[in-house]
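Taking it in order: structure first as structure tokens, then the write-up.
The values are calculated or read from the model by the stated rules, or taken from the named source; none is laboratory data. Everything numeric in this text was worked out from a predicted model, so none of it was measured. Ideal geometry is used to build each Cβ from the backbone, glycine not excepted, and the neighbour counts take in all protein chains shown. Surface areas here come from the heavy atoms of the whole protein model, side chains and all, with no ligands, DNA or RNA. Shrake-Rupley method; radii C 1.70, N 1.55, O 1.52, S 1.80 Å.
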Amino acid sequence: MHLPDSAAAPPRLDRKAVGAVVLGNALEFYDFTIYAFFAKSIGATFFPSGSATDSLLASLALFGIGYVMRPIGGVVIGAFADRAGRKPAMLITIALMALGMLMLAACPGTAVLGVWAQVIVIAGRLIQGLALGGEVGPSTAFLVEAAPARHRGFVTSWQIASQGCAALVAGLAATGLTLALGEAAMAEWGWRLMFGLGLLVVPVGLVIRSHLPETAGEGHDPSAAHSTAGVVGRLLREHGRMLGLTFLVIAASTVSNAIGTNMPVYAGATLGLSEMAANAVPIALGLASVAFPLLGGWLADRFGRRPVMVWPRALILALAVPAFLWMLRAPDALSVYAVTFLLSALSSINAAAIIVGIPESLPRAVRSAGLSIVYALSVSVFGGSTNYLVNWLIAATGDRMMPAYYLAAFSAVGTLAALLLPETRGRDIHVDAATRA
């Protein structure tokens, strides 16, 4: 006999469990960072060409292939988590992520396997994209459902903070290995060790995740769908407006992140900073991405989810143009680092409120699928296109302010969408209401 949801107490959540849950997001950004660092080496290994540019572009295309599978992973694995539980979904995603990383790290180059090497690494990136698309929904739903109500924002904000931690670890590890092995060895085979370091933590994550309690509940809603199509159908039918608003809110956050990751390119190619100064920009990005999501989670617990979604995004809207004007008028390391840090800090605070407010807005029976789908779609559409578009706009118009205008436009949309979202602080999320608009 099962207790009704309203009587079911959330499971106890300790630091080890939080670490195991956020590990998937951390692996995603660790992989993202090291791939960016070694895109040239990966291209030369699997897509050799007489032109170094062609190899690099092929490598970047391989990276982008993973985005194609993210919405599919969001639908399939996100809905699976709503039907079968958060824990089995989280075990599947981390196992698939490990498989994708292993296929890239261990696959011999095209010089050994010929075209089959390209087939294997493409398959690996597709598997990884599937896993990443399905990771954020189940893991975030687990944190939201297991965290104490008074600290739900802070606990869930570790999903965002883990991304900054992973990026910093990747940067430090890459620097350390390069110093130890030398640039030639890193380009030839050392980059594989970077993926191997990520794989080392996977068994730990699998073991700890396998012992996590289940938070999805059993038998809580007789009307709950028992198929992927049923979960998605209910989500679209009952929560379409919520999905549309959250897509716009996440799109604004995704564009902010992309503008931040593009800042080294902007600093070097547009502002004319030295390669050393431009390459140090991710440090400012990473530092802000570690501390400020936790501040955002704390603020969301204290003042509510919606104010923390609205005000940091509104500040980005107000500061984007003046900040880029300052960089253009004083194109030095100080202005670039300061602007990167400021925009990343505000975006991180905003993202912490988003990651807890969206799942709280949805009933438990469609919570994982809802977050998975809107997150994967937004990242797929805007995560891979923003950097290309802003650099194309600069080249096409000659206006070096284009990133500021692009960021401001999306921040305006994100601010308006956040104003229309409900406040969810204090909501009893363990009661699976029939509908929540």
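Mind counting the residues in region 231-270 that are closer than 17 Å to Ala404 by Cα and open to solvent by 20 Å² or more (accessible area, probe 1.4 Å)?
The first filter runs over region 231-270 and keeps only residues closer than 17 Å to Ala404 by Cα, leaving 251-270.
Retained after the next criterion (residues that are open to solvent by 20 Å² or more (accessible area, probe 1.4 Å)): 257, 261, 264-265, 268-270.
Here the count works out to 7.
Just for region 293-306: of the residues that are open to solvent by less than 50 Å² (accessible area, probe 1.4 Å) and not acidic (Asp, Glu), which one is farthest from Gly414 (Cα to Cα)?
It comes out as Leu294.
Please go through region 321-338 and pick out each residue that is open to solvent by less than 70 Å² (accessible area, probe 1.4 Å) and of a type in the set (A, V, I, L, M).
Val321, Ala323, Leu325, Met327, Leu328, Ala330, Ala333, Val336, Ala338
Could you list, in sequence order, the residues of region 258-282 that are touching a Phe, Trp or Tyr at 6+ places or on another chain (Cβ under 9 Å) and polar (S, T, N, Q)?
The answer is Thr261, and nothing else.
Kindly list the number of the only condition in (1) over 21 Å from Thr228 (Cα atoms); (2) part of a helix (DSSP H, G or I) that fails for Pro48.
(2)
Among the residues of region 120-133, count how many are within 23 Å of Pro71 (Cβ to Cβ), open to solvent by 40 Å² or more (accessible area, probe 1.4 Å) and free of Cβ contacts under 8 Å to residues at least 24 places away in the same chain.
Here is the first cut: in region 120-133, the ones within 23 Å of Pro71 (Cβ to Cβ) are 121-133.
Subset that is open to solvent by 40 Å² or more (accessible area, probe 1.4 Å): 122, 126-127, 130.
Applying the additional criterion that residues be free of Cβ contacts under 8 Å to residues at least 24 places away in the same chain yields none.
Matching residues across region 120-133 total 0.
For region 31-45, enumerate the residues that are part of a helix (DSSP H, G or I) and open to solvent by 10 Å² or more (accessible area, probe 1.4 Å). Walk me through it before giving the result.
So in region 31-45, the residues part of a helix (DSSP H, G or I) come out as 31-37, 39-45.
Residues satisfying the conditions are Phe32, Thr33, Ala36, Phe37, Lys40, Ser41, Ala44, Thr45.
Give me the residue from region 416-437 that is of a type in the set (A, V, I, L, M, F, W, C), open to solvent by 80 Å² or more (accessible area, probe 1.4 Å) and more than 20 Å from Asp301 (Cα to Cα) and, out of that set, modelled with the lowest pLDDT.
Ala437
From the set of residues in region 59-109 that are without any contact (Cβ under 8 Å) to a residue 40 or more places away in the chain and under 22 Å from Lys40 (Cβ atoms), which is most open to solvent (accessible area, probe 1.4 Å)?
The extreme case among them is Leu60.
Only one residue in Ala117, Ala141, Ala167, Ala161 is aliphatic (A, V, I, L, M), touching a Ser or Thr at 6+ places or on another chain (Cβ under 7 Å), closer than 29 Å to Ala352 by Cβ and open to solvent by less than 10 Å² (accessible area, probe 1.4 Å), so which one is that?
Criteria check complete, one pass: Ala141.
Among (1) open to solvent by 10 Å² or more (accessible area, probe 1.4 Å); (2) touching a residue at least 24 places away in the same chain (Cβ under 8 Å); (3) under 20 Å from Ile42 (Cβ atoms), which single condition is Gly182 missing?
(2)
Could you check region 389-406 and list, in sequence order, the residues that are closer than 15 Å to Leu325 by Cβ, without any contact (Cβ under 8 Å) to a residue 24 or more places away in the chain and of a type outside the set (A, V, I, L, M)?
Within region 389-406, Asp399 is the sole residue that qualifies.
Go through (1) open to solvent by 10 Å² or more (accessible area, probe 1.4 Å); (2) farther than 30 Å from Leu273 by Cα; (3) hydrophobic (A, V, I, L, M, F, W, C) and name the single condition Phe341 misses.
(2)
Out of Ala117, Ala147, which single residue is within 20 Å of Ala351 (Cα to Cα), more than 20 Å from the chain's Cα centre (by Cα) and of a type in the set (Gly, Ala, Ser)?
Just a single option satisfies the conditions, and that option is Ala147.
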